[in-house]
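Asker: Take this structure, written in structure tokens, and hold onto it; I'll ask about it next.
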Amino acid sequence: MESLKVYILVANRMYNDGIRSGLGLAVENHYAFPVIMNGEFPSFSTYMSENIAWVKDMEGQVYSCGAVAPDACVDEDGDKLIAEISLEELGEAMRDADFIIPYGLSKQTNEPPPACAE
Amino acid sequence: MSADPNKLAIFVTSPQHMRHVVGLANAAEKAGKKLMIFFTYKSIHLTKDPRFKVLAEKCGEDHIAICADSYTCEGYDAAADIPAGLSGKQMRTQAFHGALLDECGKYIVL
Amino acid sequence: MKILQVYRSEPNSDVKTLVGILNRDREADEFNLNVENPDYDTLVAKIFTADKTVCWW
């Protein structure tokens, strides 16, 4: 089976599940590139950080586009697991993609209330 | 297996576009195309829409599934509350999405 | 390469930038789902004519 190059774009803080979805494709021998747009990062639980590391181990990469990659998600050597990519670089990279998946919902206009901000 | 050029994959990731899922599925059927649909993450709430059962029956057991983990994460009971129109075999993993990519010549995200 | 851009909502500036790059030197088409009654028959025809479809949020 041909290995496909898949970009999964996450624009909304509630849809970082796109990383898990990317990992699911990596396990199926595809190349997964989840991209967190404009700093809509998840909480970096052990589960989430392990998934991000696993995507990288499977020859994919989780990217941050439009925000500095967070210090909270690092490997055992302290190196950041999330790589930074500019919007223009992302566009150029996706010209070569087999599939582009804008995942879930777009970015919210309002800031989240305390009830769901964490 | 190579991708079937007459088969449309619909990967449903948004919980708010059931009208597009149904509209596209009906139009694809009318055009004589085959369908394969996977609902993941918060889109699994759409299984509670009355139109879901009709859609599931139209697609058939091998061609529509939902992410069982997503269903559980969203608070539903994946053992005792399988969505209307589905069987337990259609409570799947992300591997079903991989099958969409492999088997379908055309693909859209909703 | 024929690429189809589909919009579920009004595209923001990021989406417009990405679409511009993806469409460069390619035959590009588009379809707006963000209307009251989308013509799904036309959308199916466009999807099956295109080599690749991107459906934005």
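Asker: Output the residue which, of all residues in the stretch A:1-21 that are under 18 Å from B:Leu110 (Cβ atoms) and small (Gly, Ala, Ser), is farthest from the other protein chains (Cβ to nearest Cβ). Spell out the reasoning first.
Answerer: Kept after step one, since they are under 18 Å from B:Leu110 (Cβ atoms), are these residues of the stretch A:1-21: A:6-12, A:14-15, A:17-18, A:21.
This time we only want the ones that are small (Gly, Ala, Ser), so: A:11, A:18, A:21.
On the way: A:Ala11: 6, A:Gly18: 8, A:Ser21: 6 Å.
For the stretch A:1-21, the residue satisfying everything is A:Gly18.
Asker: Filter the stretch C:14-32 for residues that are out of contact with any Phe, Trp or Tyr (no Cβ under 6 Å at 6 or more places or on another chain) and either more than 9 Å from chain A (Cβ to nearest Cβ) or touching a residue at least 60 places away in the same chain (Cβ under 8 Å) (or both) and give the result. Don't jump to the end; show me each part of the working.
Answerer: Start the filter on the stretch C:14-32 by keeping residues that are out of contact with any Phe, Trp or Tyr (no Cβ under 6 Å at 6 or more places or on another chain), which leaves C:14, C:16-31.
Selection gives C:Lys16, C:Asn23, C:Asp25, C:Glu27, C:Ala28, C:Asp29, C:Glu30, C:Phe31.
Asker: May I ask you to verify whether A:Glu84 is at the interface with chain C (Cβ under 10 Å from one of its Cβ atoms), exposed (fewer than 14 other Cβ atoms within 10 Å of the Cβ) and within 27 Å of C:Cys55 (Cβ to Cβ)?
Answerer: Working: at the interface with chain C (Cβ under 10 Å from one of its Cβ atoms): no; exposed (fewer than 14 other Cβ atoms within 10 Å of the Cβ): yes; within 27 Å of C:Cys55 (Cβ to Cβ): yes.
No; evaluated as a whole, the condition is false for this residue.
Asker: For the stretch B:60-79, does any single residue satisfy the condition of being assigned to a helix (DSSP H, G or I), away from chain A (no Cβ under 14 Å) and not aromatic (Phe, Trp, Tyr)?
Answerer: So the first thing to find is which residues in the stretch B:60-79 are assigned to a helix (DSSP H, G or I), and the list is B:68-73.
Remaining after also requiring away from chain A (no Cβ under 14 Å): none.
No; the residues of the stretch B:60-79 include none that is assigned to a helix (DSSP H, G or I), away from chain A (no Cβ under 14 Å) and not aromatic (Phe, Trp, Tyr).
Asker: Still on this structure: Looking at the stretch C:33-57 only, could you name the residues that are within 14 Å of chain A (Cβ to nearest Cβ) and either surrounded by 15 or more Cβ atoms within 10 Å (Cβ to Cβ) or in contact (Cβ under 8 Å) with a residue 40 or more places away in the chain (or both)?
Answerer: Step one: list which residues in the stretch C:33-57 are within 14 Å of chain A (Cβ to nearest Cβ), which gives C:33-34, C:47, C:50-57.
Across the stretch C:33-57, the qualifying residues are C:Leu33, C:Ile47, C:Ala50, C:Asp51, C:Lys52, C:Thr53, C:Val54, C:Cys55, C:Trp56, C:Trp57.
Asker: Could you list all residues from the stretch A:24-34 that are open to solvent by less than 10 Å² (accessible area, probe 1.4 Å) and at the interface with another protein chain (Cβ under 8 Å from one of its Cβ atoms)?
Answerer: Within the stretch A:24-34, A:Leu25, A:His30 qualify.
Asker: Is the stretch B:20-39 home to any residue that is open to solvent by 10 Å² or more (accessible area, probe 1.4 Å), more than 18 Å from B:Glu57 (Cβ to Cβ), touching a helix residue (DSSP H, G or I) at 6+ places or on another chain (Cβ under 9 Å) and in a helix (DSSP H, G or I)?
Answerer: No - not one qualifying residue is present in the stretch B:20-39.
Asker: If you go through the stretch B:91-109 one residue at a time, do you hit one that is more than 13 Å from chain A (Cβ to nearest Cβ) and buried (at least 18 other Cβ atoms within 10 Å of the Cβ)? Steps first, answer last, please.
Answerer: Step one: filter the stretch B:91-109 for residues more than 13 Å from chain A (Cβ to nearest Cβ), giving B:91.
After this cut, where a residue has to be buried (at least 18 other Cβ atoms within 10 Å of the Cβ) as well, the list is B:91.
Yes.
Asker: From A:Cys65, A:Cys116, grab the single residue that is more than 14 Å from chain C (Cβ to nearest Cβ) and either closer than 24 Å to C:Ile3 by Cα or open to solvent by 40 Å² or more (accessible area, probe 1.4 Å) (or both).
Answerer: On the way: A:Cys65 fails: more than 14 Å from chain C (Cβ to nearest Cβ).
Every option except A:Cys116 fails the conditions.
The values are calculated or read from the model by the stated rules, or taken from the named source; none is laboratory data. Everything numeric here is computed off the predicted structure, so don't read it as measured data. Cβ coordinates were reconstructed from backbone atoms using ideal geometry, including for glycine residues, and neighbour counts include every protein chain displayed. Each accessible area value is taken on the protein alone, full model and side chains, heavy atoms only, with ligands, DNA and RNA left out. Shrake-Rupley method; radii C 1.70, N 1.55, O 1.52, S 1.80 Å.
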